[in-house]
Amino acid sequence: MRFDKQSFWSLISSPEIKSITIPIIQRAYTQGGRGGDEVVRSKGQRFVTRLVAALRGEPLLLDFIYGSLSGGVMSPLDGQQRLTTLFLLHWYVARREGKLDAAVSGTLRKFAYETRVSARDFCAQLSMCDIPSEAWRGTLSATIRNQRWFMLSWLADPSVESMLGMLDMIDAAMSGDTATYWDALTGDVGRCPVTFCFTSLEEMGLTDDLYIKMNARGLELTPFEKFKAAFNSKVDKCGWDAGKAVTATFAHRIDTVWTDLFWGICEQPHLTDRHIQHFVAAMAMNYYAKSYRPESREQAEQHIQQLAGDATTVNPDDFTEDAYAYLTACLDAYVPHGDADGGAAAWEMSDGQRFLNLAYKDKMAYPDYVLLFAQTEYLMRQGQRTDGDDRWDRACDDWQRVVNNIVRNSTIDSPATFVAAITLVGELAEGCGDIYPWLATHTVNARHAGKQVRQEILKARIIVADDANREAIHATEDTAFCQGDIGFPLYCIGCDAPGNFDRDRLQKLQEIIASDLDPDAPVTDDFKRALLTVGGNDYYNVWGSWSYNFGCAKRWLLDYNEDLYDCFASNDYWRTYLRDLLLQRMEMSYAGIADSYAIPDGMPRWKAKLIKGKSKIDGATYILIPDDQSYCLLSWQQRPKWDDQVKKVK
């Protein structure tokens, strides 16, 4: 095995190196500090002290650095922290000594991060940024944050935050130093004050995928490898696998069938460990919720919040023997066996996205965890799909639909609401093998999403009464306007019980909703004209304010169709306006409704003109109306100030 003594500059400027790229499998840069962690910060400070001492005459040979070299891209697998600090030191010295010309910037730009786009872009911009000392405002990091190229969103990236902290450390350590160091840093390696020994995995006869299995020669275990080792130790100590065959133990399955499950469907196999850890954390959250007791509420919610915020914080203490049994059962539910298709491909959402892929997200939201819980419950209770099992397919589709409807139309944004949702889905899972008959005949005790659950029960009873109703209900649920909540369409057709369900009317209404009420489309002028004909001819009063610039009431003509759902379909008072209009729409177009409308006596002339189209609305979204109703002002912005920003209709 050959180790080459290198300096940062000799490595990055080598013709063989197109770039030094921190791979996505690496953790965030931390040597510049991590939040308020003083231990991490003091460690970084000690490293800076050693580097500055090296510049001033005490040469420093750093530990070995390993990397994979492929296609001219060197990916450090051990040494990320040191290389990043050296990159920052070289930029600082080059800027301070006026050496940051195009050539130097071009070389520094060969250092990149793949972990996050924000870290990559920050390093690229910093490499080209030459800030004269006289232009500083406060600390170096504050000055950088005030540069036009700096994106405030980058502050959410822990690597960027830490790099800024490190630059401040370097600046403080070199404050008042007038010596020059650039030539020494970039000159002959033998005279460079800071060097290290470098070798590639190819020289060691290794490959990247073997890296995650190693804990020797300085190679670092992934967070999940560390968790796995600690968890294995706890399982052995507690005797949870006592009496099991070797192939049934956690130690065996976590390195074989369970890893193969994630590896086989992960688009980026090198992230397999991270995704397994995310799944394990999700199951820990689920068990905290399943075993929730009021007397331990605060502790359980703290654990759930921590795991939801950072899956890598999952640890063996999150598992009791029962929780361990639940975790292994959940993992086994996804493992293909016999002639089954396997859990990973068993339940697909409407867009073809496998449910298990929820565990691959870098950041899952509480609703995602509930969906994953529901998927897992189904597989554990119903087993895996076999070829040609139509009953399994239909039961799975129905269960998926009911759960999606509930999750979409309820609030799940905290540990408390997550526990409530898990409790509800756990209760419903008793009937997941045939959910509609179960809902039609059982009382649901869980209190989460009460309104949507009552609607699911009504729909279930309608479908059980006549399965031919299923298609009309599902088609209405699937419209972008309803997204699972068809309370408003059922209200429109006067259905509050299975006995007064009119399938034909719902189908007609569904077609209108699908064609006319795309939430992302603007409300048309003809729709607004027609809506002015129903109720009290005053739908614009759904929202009100006052225009001080024009001294009159300001009302809303609507903007996008999604406003119809928020302000009309889900509002007990205004929903009658939208209902009456859509029922008329079954017979004629919106323009036809407005054109055939008989203007009542006493209606202001401006309103009659708008209804009949004699004065065009022209996409206006606001309307200003004086107390005497003698005219109106159409506006295309919420706060018009000048006469040329409104259109007057008398």
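A few points about this structure:
- Long-range neighbours under 6 Å by Cβ, at least six apart or interchain, first residue over 7 Å from Ala460 (Cβ atoms) within the stretch 431-442, second among the polar types (S, T, N, Q) and open to solvent by 20 Å² or more (accessible area, probe 1.4 Å): Gly433/Gln382
- Inter-residue pairs, beta-carbon under 8 Å, first under 12 Å from Leu164 (Cα atoms) and at pLDDT below 85 and in the stretch 29-57, second in a loop (DSSP other than H, G, I, E, B) and open to solvent by 20 Å² or more (accessible area, probe 1.4 Å), 6+ apart: Arg34/Ala28
- Odd one out for Asp273 among (1) at pLDDT 85 or above; (2) open to solvent by less than 80 Å² (accessible area, probe 1.4 Å): (1)
Conditions (1) at positive phi; (2) modelled with pLDDT under 90; (3) surrounded by fewer than 18 Cβ atoms within 10 Å (Cβ to Cβ), marked per residue:
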position: Gly72; (1), (2), (3): yes, yes, yes
position: Pro76; (1), (2), (3): no, yes, no
position: Leu89; (1), (2), (3): no, no, no
position: Ala103; (1), (2), (3): no, no, yes
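- Verdict on Gln81 being over 15 Å from Trp9 (Cα atoms) and at pLDDT below 90: yes
- Just one of (1) buried (at least 23 other Cβ atoms within 10 Å of the Cβ); (2) not in a helix (DSSP H, G or I) fails for Gly388. It is (1).
- From the options Glu471, Glu430, Glu477, Glu511, residue that is out of contact with any Leu (no Cβ under 7 Å at 6 or more places or on another chain), modelled with pLDDT of 95 or more and over 28 Å from Tyr378 (Cα atoms): Glu511
- You will find that of Thr84, Thr139, the residue that is touching a residue at least 40 places away in the same chain (Cβ under 8 Å) and of a type in the set (S, T, N, Q) is Thr84 and no other.
- Once the stretch 410-429 is narrowed to residues that are touching a residue at least 40 places away in the same chain (Cβ under 8 Å) and surrounded by fewer than 19 Cβ atoms within 10 Å (Cβ to Cβ), the residue that is farthest from Glu301 (Cα to Cα) is Gly426.
- Some residue of the stretch 290-298 being assigned to a loop (DSSP other than H, G, I, E, B), open to solvent by 50 Å² or more (accessible area, probe 1.4 Å) and closer than 26 Å to Leu424 by Cα: yes
- Flag if Ala594 is surrounded by 15 or more Cβ atoms within 10 Å (Cβ to Cβ) and in a loop (DSSP other than H, G, I, E, B): no
- Identity of the residue in the stretch 556-583, free of Cβ contacts under 8 Å to residues at least 60 places away in the same chain and either more than 41 Å from the chain's Cα centre (by Cα) or not in a helix (DSSP H, G or I) (or both), that ends up surrounded by the most Cβ atoms within 10 Å (Cβ to Cβ): Trp574
- Being modelled with pLDDT of 90 or more, in a loop (DSSP other than H, G, I, E, B), at negative phi and over 41 Å from the mean Cα position of the chain (by Cα) holds for only one residue in Ala184, Ala179, and it is Ala179.
- Put simply, of Ile617, Ile611, Ile623, Ile599 the only residue that is exposed (fewer than 15 other Cβ atoms within 10 Å of the Cβ) and in contact with a helix residue (DSSP H, G or I) (Cβ under 9 Å, 6 or more places away or on another chain) is Ile599.
- Residue list for the stretch 519-542, restricted to those being among the small types (Gly, Ala, Ser), open to solvent by 10 Å² or more (accessible area, probe 1.4 Å) and over 36 Å from the mean Cα position of the chain (by Cα): Gly535, Gly536
- Residue check, Phe122 aromatic (Phe, Trp, Tyr), surrounded by 16 or more Cβ atoms within 10 Å (Cβ to Cβ) and under 11 Å from Trp91 (Cβ atoms): no
- Flag for Cys492 being buried (at least 19 other Cβ atoms within 10 Å of the Cβ), in contact (Cβ under 8 Å) with a residue 12 or more places away in the chain and under 26 Å from Tyr573 (Cβ atoms): yes
- Scanning the stretch 615-633 for residues that are without any contact (Cβ under 8 Å) to a residue 60 or more places away in the chain and under 19 Å from Ala594 (Cβ atoms) gives Ser615, Cys632.
- Pairs with Cβ under 8 Å, 6+ apart, first in the stretch 385-407 and in contact (Cβ under 8 Å) with a residue 60 or more places away in the chain, second of a type in the set (D, E, K, R) and not in a helix (DSSP H, G or I): Asn405/Asp485
- Odd one out for Thr441, checked against (1) within 22 Å of Ala569 (Cβ to Cβ); (2) out of contact with any helix residue (DSSP H, G or I) (no Cβ under 8 Å at 6 or more places or on another chain): (1)
- Checking Ala329, Ala333, Ala344 one by one, the residue that is assigned to a helix (DSSP H, G or I), under 22 Å from the mean Cα position of the chain (by Cα) and either of a type outside the set (Asp, Glu) or modelled with pLDDT under 80 (or both) is Ala344 and no other.
- The stretch 309-324, residues that are crowded, with 21+ Cβ neighbours inside 10 Å and under 18 Å from the mean Cα position of the chain (by Cα): Ala311
- Residues satisfying the stated conditions in the stretch 144-188, i.e. β-branched (Val, Ile, Thr) and open to solvent by 30 Å² or more (accessible area, probe 1.4 Å): Thr178, Thr180, Thr186
The values are calculated or read from the model by the stated rules, or taken from the named source; none is laboratory data. Quick caveat, the model's predicted, so the values are computed rather than measured. Positions of Cβ are generated from backbone atoms using ideal geometry, with glycine treated the same way; all protein chains shown enter the neighbour counts. Heavy atoms of the whole protein, side chains included, go into the accessibility calculation; ligands, DNA and RNA do not. Shrake-Rupley method; radii C 1.70, N 1.55, O 1.52, S 1.80 Å.
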